[in-house]
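The values are calculated or read from the model by the stated rules, or taken from the named source; none is laboratory data. These numbers were taken from a predicted model, which means no experiment stands behind them. Counting neighbours? That spans all protein chains shown, and the Cβs are built from the backbone with ideal geometry, glycine included. Only protein heavy atoms, including side chains, enter the accessible area calculation; ligands, DNA and RNA are left aside. Shrake-Rupley method; radii C 1.70, N 1.55, O 1.52, S 1.80 Å.
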Amino acid sequence: MLNDFCAFILTHGRPDNVITYNTLLKHGYTGPIYIVIDNEDKTAPKYYEKYGAKVIMFDKVAVAQSIDEGDNFDDRRAIIYARNACFGIAKKLGYTYFIELDDDYTDFRYRLNSNFEYTCVRWDMNIDKIFGILLSYYQSIPFLSIAMSQGGDFIGGDNGFFTSIRRRKCMNTFICSIERGFIFNGRINEDVNTYVNLGSRGGLFLTIPCVSIEQVDTQANKGGMTEIYLNSGTYVKSFYTVMYSPSSVCIRMMGTHHPRLHHSIAWSNTVPMIIPEEVKKR
Amino acid sequence: MGKQNDLFGSDIEKADLIDKKYTAKIKAPIYIPKQRNPSIYELVNTLKSDSLIEEIKKSNVTNLEKDFLIEAARRHTVFNYALIADYYAHANKEMQELMEKSALVIIDFDKAIEYGYVKLSEDIADQYIEDTKDAE
């Protein structure tokens, strides 16, 4: 088991469908798991019934008042509040390091084999060991957060993701520290808003391509943020990041079978380069 | 990163930042500045912000409102961080320090990011062998 580390599963309205919990156990996770819910969740009693003391509830309005939601709406069916609440929860529970997980992960997978070649074969990954390796790297570098990649990063094969500057994104599996606190901004698309906005000012984020998560298809899983997405489509969602970085993010159509609007990041115009120390004059 | 993701339309960073084909080699997220010292005029594209500022200056809003709008218009200035890193490599010490303070480049002190990334990749590869040894 990892020291001074815990896993948070951020969930809302899906007490009977916290897929990530079983996925963690299936992959041999032995550390502490906490189910993070908000005080506006009508299904809270069911969460307590099922997970007991593992459930941690936070005050959604209190978090809302402490962050920039990027708009003047009052629809709080979004994950940004839980994302930000985790820093305080970790501190209260006495953990320095934690990982934020969504509730819909069906698998953890290797994306590189031992010859560093792209693979999509499923193996039983020991997630304790993988979390330990990721945490060890995180502790040795000044990044705000690092994350595993996600299945969508490899649509069409490796797609250059292993070497691309796009690795400076960070989504879904945020490994964080209470000693490197940061604030997620923008009611929706909060992950993209954050790594773009803070990234442009020198905040460091990174996706580790060697390992990835698999998720339930977007907007196919009832509860969570599905309803807010279905209400406004991806049109509104995508524009949040444009508001935060109009100089390097625009909106484009994505997909072929079911085309939808999506943000498009000009990475070389978004984040400063990480360069070797030798270049610095003394 | 395809052509559509490059607001500058430059080929320079494309060639340097990505491999067109996966090379089966661990590559840390480090950028190596180029020999060429770009002109400082190449580092930013102010086309959009200049156009907005011109319109603001001609407008009838109050001077305070103009000041605000001009600050906001600068959010549309496009920075080319690859060329900025190239420029940094040729800049004098004082300029370098000011660029660092403004987070225009990030220095990988003691190669912590680069070497750590290689170790991370190797450790995951070792774990892959461990996790698949019974299956292979």
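The table below gives the values:
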item	result
Out of A:Thr43, A:Thr23, sole residue that is out of contact with any helix residue (DSSP H, G or I) (no Cβ under 6 Å at 6 or more places or on another chain) and within 17 Å of A:Gln215 (Cβ to Cβ)	A:Thr23
Residues of the range A:112-127 that turn out to be at the interface with chain B (Cβ under 8 Å from one of its Cβ atoms) and hydrophobic (A, V, I, L, M, F, W, C), as a count	4
Test for A:Asp74: is it open to solvent by less than 20 Å² (accessible area, probe 1.4 Å), out of contact with any strand residue (DSSP E or B) (no Cβ under 6 Å at 6 or more places or on another chain) and more than 14 Å from chain B (Cβ to nearest Cβ)	no
Any hit, the range A:55-62, residues being within 16 Å of the chain's Cα centre (by Cα) and either surrounded by 20 or more Cβ atoms within 10 Å (Cβ to Cβ) or not in a strand (DSSP E or B) (or both)	no
Residues of the range A:1-48 classified as open to solvent by less than 70 Å² (accessible area, probe 1.4 Å), touching a strand residue (DSSP E or B) at 6+ places or on another chain (Cβ under 7 Å) and more than 21 Å from A:Phe174 (Cβ to Cβ), total	2
Search result, residues across the range A:1-35 that are in contact (Cβ under 8 Å) with a residue 60 or more places away in the chain and hydrophobic (A, V, I, L, M, F, W, C)	A:Met1, A:Leu2, A:Phe5, A:Cys6, A:Ala7, A:Phe8, A:Ile9, A:Leu10, A:Val18, A:Ile19, A:Leu24
Tally of residues being under 13 Å from A:His27 (Cβ atoms) and of a type in the set (Ser, Thr, Tyr) across the range A:92-142	3
Pairs where the first residue, in the range B:50-68, is more than 19 Å from A:Ser247 (Cα to Cα) and the second is open to solvent by less than 80 Å² (accessible area, probe 1.4 Å) and of a type in the set (Asp, Glu), C-beta under 9 Å, 6+ apart	none
Residue within the range A:76-84 that is without any contact (Cβ under 8 Å) to a residue 40 or more places away in the chain and not charged (D, E, K, R) present	no
Candidates B:Tyr31, B:Tyr81, B:Tyr128, filtered to the one that is over 16 Å from the mean Cα position of the chain (by Cα), at the interface with chain A (Cβ under 7 Å from one of its Cβ atoms) and either under 21 Å from A:Lys281 (Cβ atoms) or among the hydroxyl-bearing types (Ser, Thr, Tyr) (or both)	B:Tyr128
Answer from B:Glu114, B:Glu100 - the residue that is of a type outside the set (A, V, I, L, M), assigned to a helix (DSSP H, G or I), out of contact with any helix residue (DSSP H, G or I) (no Cβ under 9 Å at 6 or more places or on another chain) and within 9 Å of chain A (Cβ to nearest Cβ)	B:Glu114
Residue among A:Ile165, A:Ile130 that is touching a residue at least 60 places away in the same chain (Cβ under 8 Å), open to solvent by 10 Å² or more (accessible area, probe 1.4 Å) and within 12 Å of chain B (Cβ to nearest Cβ)	A:Ile165
Candidates A:Tyr110, A:Tyr51, A:Tyr97, filtered to the one that is modelled with pLDDT of 95 or more, closer than 30 Å to B:Gln127 by Cα and buried (at least 19 other Cβ atoms within 10 Å of the Cβ)	A:Tyr97
Members of the range A:185-210 found to be within 13 Å of the chain's Cα centre (by Cα), within 12 Å of chain B (Cβ to nearest Cβ) and of a type in the set (S, T, N, Q), listed by number	A:Thr207
Residues located in the range A:241-278, provided they are surrounded by fewer than 19 Cβ atoms within 10 Å (Cβ to Cβ), facing chain B (nearest Cβ under 7 Å) and assigned to a helix (DSSP H, G or I)	A:Glu277
The listed residue being away from every other protein chain (no Cβ under 14 Å), small (Gly, Ala, Ser) and farther than 30 Å from B:Glu122 by Cβ, out of A:Ala90, A:Ala62	A:Ala62
